[in-house]
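Quick note: the coordinates plus some simple rules give every number you see, no bench work behind them. A quick note: this is a predicted structure, and the numbers were derived from the prediction, not measured. Methodologically, a virtual Cβ is constructed for each residue, glycine included, from the backbone with ideal geometry; neighbour enumeration extends over all protein chains shown.
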Amino acid sequence: MGETTHPAEDAWVFPRVGPELFEALREAHPRRIILQVPAGLVRNATELVDRIRSETGATVVLGARPCFGACDFPSKDEAPRADVAVVLGHAPIPNVSLPRPTYFVEMREPGGDPGALADLIDGAHLPHQLGLVASVQHLDLVSPLSEELRRRGYHVRIERGDRRLAYAAQALGCNYTGAEAVAGEVEGFVFLGTGRFHPIGLAFAVDRPVWSLDPLQNVLEPPIDRAGLIRRRLLAVASVRDARRWGILVSTFGGQNRSATALALQERARARGREAELITFDRLDPRDLEGRALDAYVNTACPRIALDDGPNYPKPVLTPPEFLMALGELPLEPYRFDTYH
């Protein structure tokens with residue numbers, strides 16, 4: 001896989017750090033480059049800074065804030081003098097505008113034996129109508145694993161999803177529309193990748209069993225307890241049905257800003273006789289919400305703030321669909337994942 005120009009303007013994609021990236025950077029003639037890396041890769045970030053500097057001759061600065069996704073790329077305020085950005089570990093989001101030319105290095109992982117992984121799935125007696133979803137790092141395994149499963153009699157479904165997803169089978173923490181598009185055709189999903197972040201999000205989004213398959217460790221985890229996840233969220237909704245004073249959280253990050261949604265929710269709250277104030281932030285910390293005369297919050301930024309980190313906050317934090325449930329404007333079932341389009 002060589003360099004490809006991504007549909008998003010001023011975004012270029014590379015499978016990993018290598019000569020193609022350095023050549024593209026040299027052709028751009030930047031004076032200053034901002035490098036941003038996810039938390040899991042910060043250990044060796046300074047080595048990459050030195051390598052980019054030696055390959056391009058440009059000044060390279062390392063962003064101190066680790067990125068959690070392609071939605072929180074370095075802003076103009078964070079690096080006002082940088083000509084270009086290099087973002088490690090993420091794919092660009094096609095419908096998100098970028099503040100400067102940005103080079104995304106997806107860090108594709110070549111490891112994983114498709115035959116052995118298919119044997120693992122078959123040996124665990126998973127349903128034969130399966131959807132496949134993967135993190136960006138393991139997307140190259142989706143096609144060969146699908147073929148191996150089909151040879152074993154499985155019907156495998158893969159879809160691209162909406163305009164926020166760059167690839168078929170891709171997962172974002174806020175968007176699983178590729179999986180949602182085929183959920184009616186499958187009996188379960190296999191997530192190909194590491195960790196529980198994406199499998200949990202997928203379980204919220206689709207009413208099907210979700211198994212997590214680590215292609216590097218050859219480990220297939222038991223299915224996510226979707227019923228337990230949703231039960232806890234509905235308890236949070238029930239706890240604030242009588243809340244009168246709401247804070248509506250709005251992110252200033254370019255890839256997470258849903259100001260229009262926040263204003264619409266504010267109108268709905270006021271129409272129901274509730275108080276609702278907008279609160280803006282870039283990166284939210286639970287301490288930011290302490291001491292406020294508010295009963296609860298609705299978060300319009302990354303939906304995973306409420307779903308994963310809600311217990312860390314001093315007052316309940318709901319997603320927009322959960323907020324409408326609390327107001328009585330949506331039924332409690334079926335549960336609606338806050339898909340970020």
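A few notes on this one:
- Rounded, prolate or oblate (a/c below 1.5 giving rounded, otherwise prolate when a/b exceeds b/c) for region 114-224 by Cα gyration tensor: rounded
- Karplus-derived HN-Hα couplings along region 244-259 (A = 6.51, B = -1.76, C = 1.60, θ = phi - 60°), whole Hz, x at Gly and Pro: 9, 10, 10, x, 9, 8, 10, 7, 8, 4, x, x, 10, 7, 10, 4
- Between residue 255 and 73, the built amide H atoms are under 5 Å apart, and every one of these is 5 or more places off in sequence or on another chain.
- In percent, rounded to a whole number, the relative contact order of the chain is 13, using alpha-carbon pairs under 8 Å and six or more apart.
- Pair residue 26, residue 242: separation of 7 Å Cα→Cβ label points (nm): 7.0
- Model label points for residue 65 and residue 332, set 7 angstrom from Cα along the Cα-to-Cβ axis, are 3.8 nm apart.
- Spacing of the two label points (7 Å from each Cα toward its C-beta) at residue 152 and residue 231, in nm: 3.1
- Order of 83, 50, 207 under a 10 Å beta carbon neighbour criterion, fewest first: 50, 207, 83
- Cα-centred dipole magnitude for region 227-326, charges only on beta-carbon of K, R (+1) and D, E (-1), debye, nearest 20: 340
- ³J(HN,Hα) computed for each position of region 137-144 - Karplus, 6.51 cos²θ - 1.76 cosθ + 1.60, integer Hz, glycine/proline x: 4, 10, 4, 5, 8, 4, 5, x
- Mean separation of Cα contacts under 8 Å (6+ apart) over length of region 227-326, as relative contact order %: 35
- The chain, dipole about Cα centre (Lys/Arg Cβ +1, Asp/Glu Cβ -1), debye to the nearest 20: 920
- Taking other C-beta atoms within 10 Å as the exposure proxy, 148, 221, 20 rank 221, 20, 148 from fewest upward.
- In order through region 199-216: 3J(HN,Hα) via Karplus (6.51 cos²θ - 1.76 cosθ + 1.60), integer Hz, x for Gly, Pro: x, 5, x, 4, 5, 5, 7, 10, 8, 9, x, 10, 9, 9, 10, 8, x, 8
- Annotation: the residues 138, 341, sorted from fewest to most other C-beta atoms within 10 Å of their own C-beta, follow the order 341, 138.
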